[in-house]
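The values are calculated or read from the model by the stated rules, or taken from the named source; none is laboratory data. Note that the coordinates shown come from a computational prediction; the quantities given were computed from them, not determined experimentally. Reconstructed Cβ throughout: ideal geometry from the backbone, glycine too, with neighbour counts over all protein chains shown. Please note that ligands, DNA and RNA were not included when accessible areas were found on the heavy atoms of the full protein model with its side chains. Shrake-Rupley method; radii C 1.70, N 1.55, O 1.52, S 1.80 Å.
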Amino acid sequence: NSSQVTEFILLGLSDKRELQVLYFTFFFLAYAMVLLGNLLIIVTVRSDPKLSSPMYFLLCHLSFIDICCTSITSPRLLVDLLFQRKSIAFEACVAQLFFLHFAGASEMFLLTVMAYDRYAAICKPLHYTALMNRQVCWVLVSACWAGGFLHSIVQTLLTIQLPFCGPNKIDNFFCDVTPVIRLACTDVYVTEWLMASNSGFISLLCFLVLVTSYTFILVTIRVRFTEGHWKALSTCGSHVLVVTLFFVPCIFIYLWPFSPSPSDKHICVIYTVICPVMNPLIYTLRNNEVKASMWKLWKSCR
């Protein structure tokens, strides 16, 4: 295209040095927790044969995607917090945008698959082994990655076909479609609606599917009061918390036409940093099987 901009300037979360030091400490600790917590989950699930059910298979992939999501934004953010000038090359910005939406959309689809897994386990227990065997799990996970790639390539193509010839300051701490296309030197009304219908529709559709599946689960548990169902409800409760933290900000940011808001970049922190931190905490502290396997792994490594 006719772009003349070779780099963008990321304005970050704040230009005050005191806050930047505070942010650096917070995001460094959060990133370390994401890496250590999710890697621990992956190693635990892969090393314990007892954790071979579809739920833990999907959890293992969720941990991997969380590592990918936060690694796309957090290292760059940590480096930028150490320097006054926060610039990123045009090509690097497009690459960050592509991989962020690739991993983010894949996680949306995977969370939806995990909700289906809980629905099959609780509402269709007699057919569960047929509905969610290992082969089906691989097909569903592959479909999640394929869907994420298709979504991301559409977003990226819509972005790079725009001309950028003037302003180059992005009011965020990473490159995303919403702040980037505002800098285009052309009318982006149609592009905004296309992107909103893409990202926003996917977020809303997945969220509605999740709400529907959990509604069926609650209705089923209300009828059958058994210990196993209450244990499953506890697992679903943790899942609902993660889903709410992840989907609500995404729907808020992407569903309607883009209008600049100072709070957008702070809302982005929720699904790029907070959610990946919450996943290992929720799935370990509220799951006795995972905690027992981690303790067993710890004793074997001593």
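Hey, Ile170 hits all of (1) without any contact (Cβ under 8 Å) to a residue 12 or more places away in the chain; (2) in contact with a strand residue (DSSP E or B) (Cβ under 7 Å, 6 or more places away or on another chain) but one; which does it fall short on?
Going through (1) without any contact (Cβ under 8 Å) to a residue 12 or more places away in the chain; (2) in contact with a strand residue (DSSP E or B) (Cβ under 7 Å, 6 or more places away or on another chain) one by one, Ile170 breaks only (1).
Would you be able to say whether some residue in the stretch 5-19 is farther than 17 Å from Ile274 by Cα, touching a helix residue (DSSP H, G or I) at 6+ places or on another chain (Cβ under 9 Å), among the acidic types (Asp, Glu) and surrounded by fewer than 14 Cβ atoms within 10 Å (Cβ to Cβ)?
Looking for residues that are farther than 17 Å from Ile274 by Cα, touching a helix residue (DSSP H, G or I) at 6+ places or on another chain (Cβ under 9 Å), among the acidic types (Asp, Glu) and surrounded by fewer than 14 Cβ atoms within 10 Å (Cβ to Cβ), one finds at least one in the stretch 5-19, hence yes.
Quick test of your reading of the structure: Ser142 fulfils all but one of (1) farther than 20 Å from Leu204 by Cα; (2) in contact (Cβ under 8 Å) with a residue 24 or more places away in the chain. Name the failing condition by number.
Going through (1) farther than 20 Å from Leu204 by Cα; (2) in contact (Cβ under 8 Å) with a residue 24 or more places away in the chain one by one, Ser142 breaks only (2).
With the requirement that a residue be open to solvent by 60 Å² or more (accessible area, probe 1.4 Å) and free of Cβ contacts under 8 Å to residues at least 40 places away in the same chain, what does the stretch 22-35 give you?
Passing the criteria: Leu22, Thr25, Phe26, Leu29.
Of all residues being touching a residue at least 60 places away in the same chain (Cβ under 8 Å), open to solvent by less than 30 Å² (accessible area, probe 1.4 Å) and of a type outside the set (Val, Ile, Thr) in the stretch 66-84, which is farthest from Ser152 (Cα to Cα)? Just the residue, please.
Per the criteria, the residue is Leu81.
Against the conditions (1) among the small types (Gly, Ala, Ser); (2) more than 18 Å from Cys144 (Cβ to Cβ); (3) crowded, with 18+ Cβ neighbours inside 10 Å, where does Ser63 fall short? Just the number, please.
In the conditions (1) among the small types (Gly, Ala, Ser); (2) more than 18 Å from Cys144 (Cβ to Cβ); (3) crowded, with 18+ Cβ neighbours inside 10 Å, Ser63 misses (2) alone.
In this structure, does Val290 turn out to be modelled with pLDDT under 80, in a helix (DSSP H, G or I) and surrounded by 16 or more Cβ atoms within 10 Å (Cβ to Cβ)?
Working: modelled with pLDDT under 80: yes; in a helix (DSSP H, G or I): yes; surrounded by 16 or more Cβ atoms within 10 Å (Cβ to Cβ): yes.
Here the answer is yes, as Val290 does meet what is asked.
Would you point out the residue of the stretch 186-208, among those that are open to solvent by 70 Å² or more (accessible area, probe 1.4 Å) and under 21 Å from Leu111 (Cβ atoms), that is modelled with the lowest pLDDT?
In this case the residue turns out to be Phe201.
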